[in-house]
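One structure below.
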Amino acid sequence: MSNHFSHLVRRWRAEADQCRWVLGTVYATEGPSYRKAGAMMLFNDQGQQFGVLSGGCLEADINRHARQVMDSGLTMTLCYDGSDEDDMSFQLGIGCGGLVRILLQPLTGANHHLGLPAVFTAIEQRSCGVYRQRVADADEPRAEFKPATASSPLTQRGQLVEDSEGLWLETPVQPAPHLLVVGGGIDARPLVAMASQLGWEVTLCDPRPANARREYFRTADTLLRCQPSQLAEEALFPHFDAAVVMTHNLRLDAEAIGALQNSRLSYLALIGPLRRKREVLAMAGFDEAGLDGERLQIPVHGPAGLDLGAELPEGVALSILAECHGVLSQTRVQSLSDPQRALLPISRRIP
């Protein structure tokens with residue numbers, strides 16, 4: 001199961017009344033840490049854990065405290081300091097060396113399940129908002145969900161704010177990225193599988209009967225049999241965040257590129273060499289420079305993916321999803337070990 005917050009909420013919703021639940025949230029960090037403010041995890045009295053707060057090194061201890069929260073019905077705050085030799089996190093052998101503060105809140109009918117039903121509804125409707133949790137120790141749990149408005153754009157990460165009622169963590173809530181894959185050949189199989197593993201919603205489109213068969217794409221959320229030129233008529237069309245065109249057919253690729261120019265995509269990629277890309281664009285009536293055809297409204301990443309030296313379908317899928325992930329995250333893609341990375345403004349560094 002994916003660790004994306006939307007998947008955690010769906011899992012909780014399915015068993016909300018069958019177990020006692022606790023929501024764990026990273027609300028502040030100092031120095032290096034595996035997860036940042038806004039990371040969430042769910043614990044229940046059946047011993048199940050969904051999500052991740054530390055990469056596995058703290059979860060057992062957090063779960064022990066979550067049991068206490070289930071019994072008390074009150075919030076609890078935890079602090080793990082990897083730089084302190086006397087701290088529990090240091091004794092557990094955590095190597096990050098940073099400080100992590102975690103909030104544990106019981107999910108009960110009395111506290112309206114901390115607003116998670118509203119979060120669930122927003123996720124199902126693919127709408128956005130802000131999840132607000134009051135940070136307090138040994139207190140009545142409070143949380144609420146506020147839908148996003150045009151006047152209140154979402155932040156990229158969770159942040160602490162203070163008002164007359166106390167300290168609050170505000171975390172942006174957005175649906176998981178929705179990837180459209182046009183073309184259901186053999187090389188699309190690992191792409192769809194990896195995207196699903198990331199927790200993304202995946203729609204696969206291919207009008208050819210021999211392609212995009214369910215037995216080869218069991219993790220795809222939706223299979224479309226329409227012509228690529230008819231994509232705009234599909235109800236899901238406004239919800240696509242990214243698309244990869246890989247039919248290996250010039251006409252179908254051109255139809256897809258043309259139809260997707262009227263979408264709201266943040267990332268559009270085309271499989272194949274640069275020469276083929278130019279041929280597909282020309283067939284679709286587009287020109288990147290706008291000299292020999294209509295200028296592209298949405299740029300086409302082609303050849304698709306990062307240069308990872310990939311040759312086989314699995315490696316190519318990895319390179320495409322890595323590039324796509326970087327674009328959707330608005331992140332400059334580079335190695336975390338690159339010495340030049342330390343010279344970048346913090347807002348431009350990879351999380």
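The values are calculated or read from the model by the stated rules, or taken from the named source; none is laboratory data. Just so it is clear, the model here is predicted, and its values are computed rather than measured. Note: ideal-geometry Cβ built from the backbone for every residue, glycine included; neighbour counts use all protein chains shown.
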>> List the residue pairs whose Cβ atoms are under 7 Å apart, where the first residue sits in the range 29-41 and is assigned by TED's automatic domain parsing to the domain that holds GLN105, the second is among the basic types (Lys, Arg) and part of a loop (DSSP other than H, G, I, E, B), and the two are 6 or more positions apart or on different chains.
In response: THR29/LYS36; LYS36/ARG157; ALA37/ARG157; GLY38/ARG157
> out of contact with any strand residue (DSSP E or B) (no Cβ under 8 Å at 6 or more places or on another chain), under 19 Å from ALA232 (Cα atoms) and of a type in the set (A, V, I, L, M, F, W, C): does that describe ALA259?
Replying inline: yes
> Got a sec? Which of VAL130, VAL161, VAL119 is touching a helix residue (DSSP H, G or I) at 6+ places or on another chain (Cβ under 8 Å), hydrophobic (A, V, I, L, M, F, W, C) and not in a loop (DSSP other than H, G, I, E, B)?
Replying inline: VAL119
> Among the listed residues GLY315, GLY326, GLY302, which satisfies the condition of being under 26 Å from ASP253 (Cα atoms) and surrounded by 17 or more Cβ atoms within 10 Å (Cβ to Cβ)?
Replying inline: GLY302
> Of all residues in the range 170-207, how many are under 13 Å from the mean Cα position of the chain (by Cα), farther than 25 Å from ALA148 by Cα and among the small types (Gly, Ala, Ser)?
Replying inline: 2
> Which condition number does ARG208 fail, the rest of (1) touching a helix residue (DSSP H, G or I) at 6+ places or on another chain (Cβ under 8 Å); (2) surrounded by fewer than 18 Cβ atoms within 10 Å (Cβ to Cβ); (3) more than 25 Å from ASN3 (Cβ to Cβ) being met?
Replying inline: (1)
>> Please verify whether THR155 is assigned to a strand (DSSP E or B) and either surrounded by fewer than 21 Cβ atoms within 10 Å (Cβ to Cβ) or not assigned by TED's automatic domain parsing to the domain that holds LEU114 (or both), treating the condition exactly as stated.
In response: no
> So, of the residues in the range 131-148 that are surrounded by fewer than 19 Cβ atoms within 10 Å (Cβ to Cβ) and aliphatic (A, V, I, L, M), which turns out to be farthest from SER164 (Cα to Cα)?
Replying inline: ALA148
> When you look at ARG218, is it among the basic types (Lys, Arg) and in contact (Cβ under 8 Å) with a residue 12 or more places away in the chain, yes or no?
Replying inline: no
>> Go through the range 195-237 and report how many residues are assigned to a loop (DSSP other than H, G, I, E, B), farther than 23 Å from PRO313 by Cα and touching a Leu at 6+ places or on another chain (Cβ under 9 Å).
In response: 3
> With respect to LEU169, is the statement that it is surrounded by 19 or more Cβ atoms within 10 Å (Cβ to Cβ) and outside the structural domain of ILE257 (by TED's automatic domain parsing) true?
Replying inline: yes
> Do you know which of the residues in the range 99-113 that are part of a strand (DSSP E or B) and under 24 Å from the mean Cα position of the chain (by Cα) is nearest to ARG13 (Cα to Cα)?
Replying inline: LEU107
> Does at least one position in the range 65-74 carry a residue that is within 23 Å of SER6 (Cα to Cα), part of a helix (DSSP H, G or I) and of a type in the set (Gly, Ala, Ser)?
Replying inline: yes
